[in-house]
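Step one of this worksheet: look at the structure below.
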Amino acid sequence: MSETPLGTRVRPIDTASGRLRLLDQRRLPREETWIDCDSADATAEAIRSLAVRGAPLIGVAAAWGLAVEARRLAGADGGFDASWAAAADRLGKARPTAVNLRFGVERMRTAFRASAGRPPAERVALLEAEAARFEEEDREACAAMGRHGAAWIAAHLGADPAGPLRVLTHCNAGALATTGVGTALGVVRALAAGRPVAVFADETRPFWQGARLTAWELAKDGIDVTILPDVAAASVIASGKVSVAVVGADRIAANGDVANKVGTYGVALACRAHGVPFVVAAPRTTLDSACPTGRDIPIEWRDGAEVLLLDPAGESPLSVAPAGVPALYPAFDVTPAALVDAIVTEAGVSTAPHADGLARLLALP
Ligand code: MRU
């Protein structure tokens, strides 16, 4: 197996010369348009509207949004510290579940405090440097997760299967959700560097992160991908066509319970019922030791109206349900730790009991 994961041609964030541009993921795969974020509030709106999404990427986008905000405020009159702090509070609340958002904001708050007393231009430069470091760490973490995850899967599955290794994934935990090769799809890319791999991408209604985003980025990088209706995942797993499921995470509790895109729990149940390994790949910025169990993880409930539309982020969303009938949209679910065979981080792999495994990984440098 190759030591280095395959790279990617996909890059959803552009931070050249201290500005922040985000690929508008609502418009993929139809068109590649970019949003210029010139303030923390513009960044928060991009996060809320799912123009930018995916736990690690929203953490990095928030960090850059706060560097951009400092630059904006440095040119304005007075109130620099108070205005920046209020903007950081608003940005940190843009979405509740992915703890990476809070992590990115906290990291910038620490850098902001450390820069106190310096001239505004210097503080801006220090914040930009911190955001760039955070971005680079995410890129490196993705590459390391790819290596650890591919090695664990190779060891766990034993002999190469006849034909390609068949990986099922849910949502998009790829290059579009990070600043590197992705978390779950970083593992896929690392596997694909050493053997033929075929990916089943759950479509992930109602925003279609699988059908629109995972399929787009894997096709762009030349990795075999087939879209599955979400409702077919269990029967395809039962049919023996899936070698391993690999997904990302938005927050992992101290006991190893995993919050990820709604539908992940069902995939994990089907995997356990049919003896298919279920693997979660996430950087340590997704581990939240302040949440003892999954019950403590805040779950984002989005507007049920989004479920009633065929393409809620599209230009002319089509309603499929009778007028006046409501819908529920919990955007994430929690998979109990007992169903998770491996949690892959940049520092190594946790296996059951995850409470011990994660504590060990968090203690590593
Ligand atoms: O609502 P989204 O698209 O932000 O949800 C994203 C997911 O659930 C991903 O699986 C998760 O953030 C991991 S991304 C590397």
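Derivation of every value follows stated rules applied to the coordinates shown; laboratory data play no part. Note that the coordinates shown come from a computational prediction; the quantities given were computed from them, not determined experimentally. With ideal geometry, Cβ positions are generated from the backbone for all residues, glycine too; neighbour counts draw on all protein chains shown.
With the charge dipole of the chain set up from +1 on Lys and Arg Cβ and -1 on Asp and Glu Cβ about the Cα centre, the Cα lying farthest toward the positive end among the listed residues L157, P56, N260 is that of L157.
Please report the net charge: other residues with Cβ closer than 15 Å to the Cβ of L168, K and R +1, D and E -1. In short, -1. Computed from backbone phi with θ = phi - 60° and the Karplus coefficients 6.51, -1.76 and 1.60, the 3J(HN,Hα) list for the stretch 323-329 is 4, x, 8, x, 9, 10, 9 Hz; x is used for glycine and proline. Once you have a ≥ b ≥ c as the square roots of the Cα gyration tensor eigenvalues for the stretch 146-363, tell me rounded if a/c is under 1.5, and otherwise prolate or oblate according to whether a/b is larger than b/c. It comes out oblate by the Cα gyration axes.
Give me the net charge of S49's neighbourhood, meaning all other residues with Cβ under 12 Å from the Cβ of S49; Lys, Arg count +1, Asp, Glu -1. Residues close to S49 contribute a combined charge of +2. If exposed means no more than 13 neighbouring beta carbons inside 10 Å and the site is in a DSSP loop, what's the longest run of the chain without any exposed GluC sites (Glu not before Pro)? The answer is 33-314.
Over the Cα atoms of the stretch 321-365, the radius of gyration divided by the Kirkwood radius equals 1.35; this is the Rg/Rh ratio. Computed over all pairs of different Cα atoms, the Kirkwood value for the hydrodynamic radius of the stretch 256-316 is 14.4 Å. Gain on full extension, evaluated as 0.36 nm per residue between S17 and E45 minus their Cα-Cα distance, stands at 7.9 nm. Around the Cα centre of the stretch 116-169, unit charges on the Cβ atoms of Lys, Arg, Asp and Glu (plus for the first two, minus for the last two) sum to a dipole of about 160 debye. Spatial offset of the stretch 295-356 relative to the stretch 24-60 amounts to 18 Å, using the alpha carbon center of each.
Just to be sure I understand: of the beta bridges DSSP finds with both ends in the chain, what percent are antiparallel, rounded to 5? Of those bridges, close to 45 percent are antiparallel.
If one computes P(r) from the Cα atoms of the stretch 158-209, what percent of pairs lie at distances over 18 Å? The share of Cα pairs beyond 18 Å in the stretch 158-209 comes to 35 percent. Normalised size of the stretch 222-333, defined as Cα radius of gyration per 2.2 N^0.38 Å with N residues, equals 1.25.
Model label points for K220 and A323, set 7 angstrom from Cα along the Cα-to-Cβ axis, are 4.0 nm apart. Binning the alpha carbon pair distances of the stretch 13-138 at 5 angstrom intervals from zero yields the distribution 2, 12, 24, 25, 19, 10, 4, 2, 1, 0, expressed in whole percent. The label point for I299 and the one for D356, both projected 7 Å from the Cα toward the Cβ, are 3.0 nm apart. Taking only alpha carbon atoms, the chain gives an Rg to Rh ratio of 0.97, where Rh is the Kirkwood radius. Its Cα gyration tensor gives the stretch 1-81 an equivalent ellipsoid; the semi-axes, largest first and in whole Å, are 27, 16, 11. What the Cβ-Cβ distance of A162 and D38 gives, at R0 = 41 Å and to the nearest 0.05, is a FRET efficiency of 0.15.
Couplings 3J(HN,Hα) for the stretch 195-203, derived from phi with the Karplus relation 6.51 cos²θ - 1.76 cosθ + 1.60 (θ = phi - 60°), are 6, x, 10, 10, 9, 9, 9, 4, 5 Hz, where x marks Gly and Pro.
For the chain, the Cβ-based charge dipole about the Cα centre amounts to some 260 debye (Lys, Arg positive; Asp, Glu negative; other atoms uncharged). Placing a label point 7 Å from the Cα of R90 along the Cα-to-Cβ direction, the residues of the stretch 51-70 whose backbone N falls under 16 Å of that point are 62-63, 65-70.
Residue-normalised convex hull volume from the C-alpha trace of the stretch 147-274: 110 Å³ per residue. The slack in the chain from A121 to E106, taken as 0.36 nm per residue of separation less the alpha-carbon distance, amounts to 3.3 nm. Taking a span of 20 Å or more along the helix axis (Cα atoms) and a mean Kyte-Doolittle hydropathy of at least -0.5 as the rule, the DSSP H helices of the chain that qualify are 55-74, 99-114, 120-157.
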